[in-house]
Structure formats: C-alpha cells, structure tokens
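Student: Encoded as structure tokens, here's the structure I'll be asking about.
The values are calculated or read from the model by the stated rules, or taken from the named source; none is laboratory data. This is a predicted model, so every value here is computed, not measured. Counting neighbours? That spans all protein chains shown, and the Cβs are built from the backbone with ideal geometry, glycine included. Ligands, DNA and RNA are excluded from the accessible area calculation, which covers all protein heavy atoms including side chains. Shrake-Rupley method; radii C 1.70, N 1.55, O 1.52, S 1.80 Å.
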Amino acid sequence: MTQPEDLFKNLISHAKEYGFIFQSSEIYDGLSAVYDYGQNGALLKNNIRQYWWQSMVQLHENIVGIDAAIFMHPTTWKASGHVDAFSDPLIDNKDSKKRYRADVLIEEHVAKIEGKIEKEVEKAAKRFENFDEKMFRSTNARVLEYQKKIDDINARFKNALEKNDLAEVKQIIVDCEIVCPVSGSKNWTDVRQFNLMFSTQLGSVSEEASTIYLRPETAQGIFVNFLNVQKTGRMKIPFGIAQTGKAFRNEIVARQFIFRMREFEQMEMQFFIRPGTQKEWYDKWKETRLSWHKALGISEKKYRFHDHIKLAHYADAACDIEFEFPFGFKELEGIHSRSDFDLKQHEQFSGRKQQYFDPELNQSYIPYVIETSIGLDRMFLAIMASSLKEEKLEDGSERVVLSLPPQLAPIKAAIFPLVKKDGLPEIAEKIINDLKFDYNVTYDEKDTVGKRYRRQDAIGTPYCITVDHESLTDHCVTIRDRDTMKQERVAIDKLKSIIEQKVSLTSLLKKIA
Ligand code: ATP
C-alpha cells in the first residue's frame, strides 16, 4: 500500500508535471515557501474562489464583498494587536541549526502519544474474540497512562501560553525529551517570540519613509471599512462583509508544500451581529461552513471540528475545521467569535466612533463579530490530495486520475477528432466554438484516443468528447465520463445540457442554499 508520505510526494510532482503548481522562481532554485500556480492550477484556484465568493455574496442578501488594499495604515496593526502579539514561539536546535515552532514540537509530541493510544485500541479490536480480562486490564492501564501524559502536557502548555512563560515552554520540551527530527539531539536554545509580519518602507526618501506591513490577514481591511460599507450599502445588522486576497506571514517553519506559505490567499467573512447573539451565530456559521465543504462530495470522514485550547487575544470562542491532509488532520479553516475587540480597538486608536445605530433597539453599539477564515491554497491542497488516485483497471492496466469535484475542474471538456483529417477536426472546432462561451474546453488531436484520455484524467477533466467518421452523417459524438469511464453516443446539440448538469457551480450552490 502506498504510504501517506509517498502519496504526498506523488501529489507534489503531479501538481508540477501537469501545470498546477510550480516552485516560485525555480530557475533561481526557488524561494522557500513561495509557489506559483500554473495554467491548470490558476483555473482550479479561480473556481474554488468563485465557489466561496458566490456562496457568501450571491447566496446571502445580507453579505457584500469588498477588495481592500494589501498595504494599510501602520496603526491598523497596532490596533489589531499584530505588532505586539502576532508572533510564534521559536526554538533552534544547536546541532542541526534547524528552527522550529516550539508549540508545533509539543503538539506533534502529543499527537505521537495519541497515535499510541489508537494502536492499542486497534490491537485490542483485532484480538477481540480471544481477549481475556487480563489483556483488557493491561491495555486499559496503558491507555490511561498515555491519556494522563497527554492531559498533563496539555495543561502545562496551556498554562505556559496563557502566562507567556517561554522558559516553561522550553522546560516542557526538555521534560518530554523531544529530539530534533534532523540531528536527533536535545540540544535546544531558549524559546523566543518571533513576529510574523513582513515590513517594508513606504515613500521614496529614506528619512521620510515610514514602516508599513504586508497584511498578515485580510480581516483588518474589512474592519476599517465597516462603517463605509454599512452606510453606503445601508446594511442592517446582522450583515457580513466578505473578501478574498493575499496575506503574508514570515512563517518560521514553512514546510508541507502549499499548506504553510509565506505568501498565500485568504477568503474571509466578518459577520456583524448584536452583542449577546454571538453563541447562536457562531453555531450557525460552523454548520454553514461545514455544509459548504460537504457539498463538494469529498469523504465526510476527512473533516472534523477542533476547539482551540488557547483562545487568541480577540476571541471569545474559536474552532477549526480540520481536514485529513496526507500528513494528518490539520487546520483548513478557522471560525472565530471575535467579540467587539477589533472595532473597539479601531475606535480607540483612530478616535472615530465605530458604532452602529440599531433602529429596532433604538440604541447604538459596537457590533460583535463572527469570522469565517479559510486559506484558498490550503483548500486547493485539500481538494488535490483527496482527488489524486491511482486506479487499477479491469484489463490490468493502471490510470492516474484526478477526480476533482467536476464543478471545480480547470477544464470541463476535451474535444478530440479521432483522426486529423476527413473533416473531423472541423467538427471538433465547431463544438469548441459552441461550448467555449460557457465552459473552459480544450482541443487535442495528438496520439491515440487512449493516451488523450489519460492526459485529461490526470488534470481532472470530467468529459472527453470524440468526433469520428460517423459524426459526419449522424451528428453524434462519443462522450466519455472521467469517473465511470463509460462511453455514450449522444447528439452534438445535446452536449451543452449534458455537460451543464455535471459541471455548473449552480448545482453546488443549490445544495447549500
Ligand atoms: P496555523 O495554526 O496553521 O498557522 P492560523 O491559526 O495562524 O493557522 P488563521 O490566522 O486562523 O490561521 O488564518 C486563517 C486561515 O488562513 C487558516 O485556516 C489557513 O487556512 C490559512 N493560512 C494561515 N496561514 C497560512 C499559511 N502560512 N499558508 C497558507 N495558508 C494559511
């Protein structure tokens, strides 16, 4: 069986080979944790973004979208807490000179112990039939011991983070005997805080230039425009503002391909509500966001909620939707109840009121906010990872297929003339000219039809359409389905409606409306 690490390696090389993702500036040996999207990747990414955008802005009458600048007034980041508190605890191993996030080292250590519990349970289940009381007791004792270890570490870690006690964070690493995965040694430096924001200079004359930041999240562009949008859009609470765009973080450990990048894209929505209603809206948005994911048809087992143990400085409740990536369950999306923290801070730092007059209550207040925040690149990775498959076919051959949700596939149909002559290319061209106004379609006349199928399977094209000699007289073509590989003879003028049923975003949106 292919191991998850191999699957992940295959995925990375597949993404490159088929024009989805390239290392940035590869001819100069690349730039760490920065990636470019190729011809197919850009289309897939656009489609995911569009699915998100339409589900937010088009399906909700009370959500509007904006597009704020990446550069913002530097005080924004003072007010938001990012200048003082947007940092990760880092630790270096003195032998390998590798840098790690201290919190991640601890979390991974805990995950390993959790793995041991799972193994014990699996072993017990396998021996179920001849499992006697003695075995039960010893398994139970081991599981309890592991669980106690986990609880102790988590409690110490939570406490250390709350008190910002970096010496204690290091002590946990020492006590747990965590070793550097590269050098295998326990020779660690002290833990230090490291701010993740990139800074640059605004202005051409250095003495007059002021330091500004590349935004580390898109959310603040929404907060500072809260009143602009509310007033010009005559929005009534509850209402939301959505935005997609680039964010930048100088991540300490940038590994795992596009999972953790230094330049990435977020899709965020801030939902402004009456104070006191946050619990209800938090639950509502958890549910809404999970159904957005589920509608894509990816196995539901791959998603789970994870409540934060340590809440960010702004949050009164927070959870992640985690996805089972090839390297385990990790955060894909965050749902945060942010209280009135951000608007209150902006009111204080700007000296401008950030209040909403509620006509029903006849009262002004600073609204509370529920945020949904998902990384577009992480979503891309989740979709690619769950779609890439190697299949054994009945005739003994193999195929690599990217079974993307058809609505998100970069190319919806590929049109092939069986041969490059006898008027077949002209018919194929005509079909393309008819379909191209609605869908991204492509033409391919090279190699055998079998090879052409394989090429389209590898990029996830839901339909292949072959024009043959009979098409000249019966005005029909063979349409082949990517997933079932079934071929069907259909009239050329039926193609549009057949493709429509499978690939239109509308069908996805209807599932969640
Ligand atoms: P993590 O704990 O993985 O660093 P986070 O909790 O800092 O993530 P948020 O600040 O909640 O992440 O950002 C919201 C979303 O943005 C995340 O759920 C993730 O999908 C995405 N995201 C955050 N950082 C990165 C990154 N470096 N690269 C790619 N996507 C990211």
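Student: If you wrap a convex hull around the Cα atoms of region 399-440, how much volume per residue is inside, in Å³?
Tutor: Numbers: hull volume 3.1 nm³, N = 42.
Considering the Cα atoms of region 399-440, their hull volume per residue is 74 Å³.
Student: Then there is this: Averaging sequence separations of C-alpha pairs under 8 Å and six or more residues apart, then dividing by the length of the chain, give the relative contact order as a whole percent.
Tutor: Numbers: 840 pairs, mean separation 74.1, N = 513.
Normalised by residue count, the contact order of the chain is 14 percent.
Student: May I ask you to rank ARG156, ARG215 by accessible area, largest first, using a 1.4 Å probe over the protein chains only?
Tutor: Solvent-accessible surface, decreasing: ARG156, ARG215.
Student: Right, something else. Working out 0.36 nm times the residue gap between LYS119 and ASP481, then minus their Cα-Cα distance, what length gain in nm do you get to one decimal?
Tutor: On the way: separation 362, 0.36 × 362 = 130.32 nm, distance 4.02 nm.
Extra length from LYS119 to ASP481 when fully extended: 126.3 nm.
Student: Right, next: Can you tell me the alpha carbon radius of gyration of region 397-509 divided by the globular rule-of-thumb value 2.2 N^0.38 Å?
Tutor: Values: Rg = 13.2 Å, N = 113, 2.2 N^0.38 = 13.3 Å.
That ratio works out to 1.00.
Student: Taking the radius of gyration and the Kirkwood hydrodynamic radius from Cα positions alone, what is the Rg/Rh ratio for region 278-410, to two decimal places? Don't jump to the answer; show the numbers that get you there.
Tutor: Values: Rg = 20.5 Å, Rh = 17.7 Å.
Across region 278-410, the Cα-based Rg/Rh ratio is 1.16.
Student: If I compute solvent accessible area with a 1.4 Å probe over the protein chains, what percent of it on region 220-309 is carbon and sulfur?
Tutor: Numbers: 1860 of 3920 Å².
Reported share for carbon and sulfur atoms: 48 percent.
Student: With the cut-off at 1.5 for a/c, could you classify region 12-112 from its C-alpha gyration tensor as rounded, prolate or oblate? List each step's numbers first, then the result.
Tutor: Values: a/c = 1.87, a/b = 1.19, b/c = 1.57.
Note, shape of region 12-112 comes out oblate.
Student: Please state the equivalent ellipsoid semi-axes for region 114-226: what are the square roots of 5 times the Cα gyration tensor eigenvalues, largest first, in whole Å?
Tutor: Details: eigenvalues 472, 79, 40 Å².
So the equivalent ellipsoid measures 49, 20, 14 Å along its semi-axes.
Student: Could you tell me the largest-minus-smallest coordinate of the C-alpha atoms of the chain on each of the three principal axes, in descending order and whole angstroms?
Tutor: 79, 70, 52
Student: Right, something else. For the chain, report the accessible area per residue in Å² (1.4 Å probe, heavy atoms, rounded to an integer).
Tutor: Values: 26290 Å² over 513 residues.
The answer is 51 Å² per residue.
Student: For region 135-222, state which chymotrypsin sites (Phe, Trp or Tyr not before Pro) are in a DSSP loop and have at most 15 other beta carbons lying within 10 Å of their beta carbon. Spell out each step's value before the answer.
Tutor: Values: sites: PHE136, TYR146, PHE157, TRP188, PHE194, PHE198, TYR213; in loops: PHE198.
Those satisfying the criteria are PHE198.
Student: Net charge within 15 Å of THR506 by Cβ-Cβ distance, Lys/Arg positive one each and Asp/Glu negative one each, not counting THR506 itself?
Tutor: Numbers: positive: LYS412, LYS496, LYS502, LYS510, LYS511; negative: ASP438, GLU500.
In short, +3.
Student: Against the globular-protein guess of 2.2 N^0.38 Å, express the Cα radius of gyration of region 251-325 as a ratio, rounded to two decimals. Each step should come with its number before you reach the end.
Tutor: Working: Rg = 14.7 Å, N = 75, 2.2 N^0.38 = 11.3 Å.
My calculation over the Cα atoms of region 251-325 gives 1.30.
Student: What size of dipole, in debye to the nearest 20, comes out for the chain about its Cα centre when the only charges are +1 on Lys and Arg C-beta atoms and -1 on Asp and Glu C-beta atoms?
Tutor: Details: 74 positive and 78 negative charges, 55 e Å.
Magnitude of the dipole: close to 260 debye.
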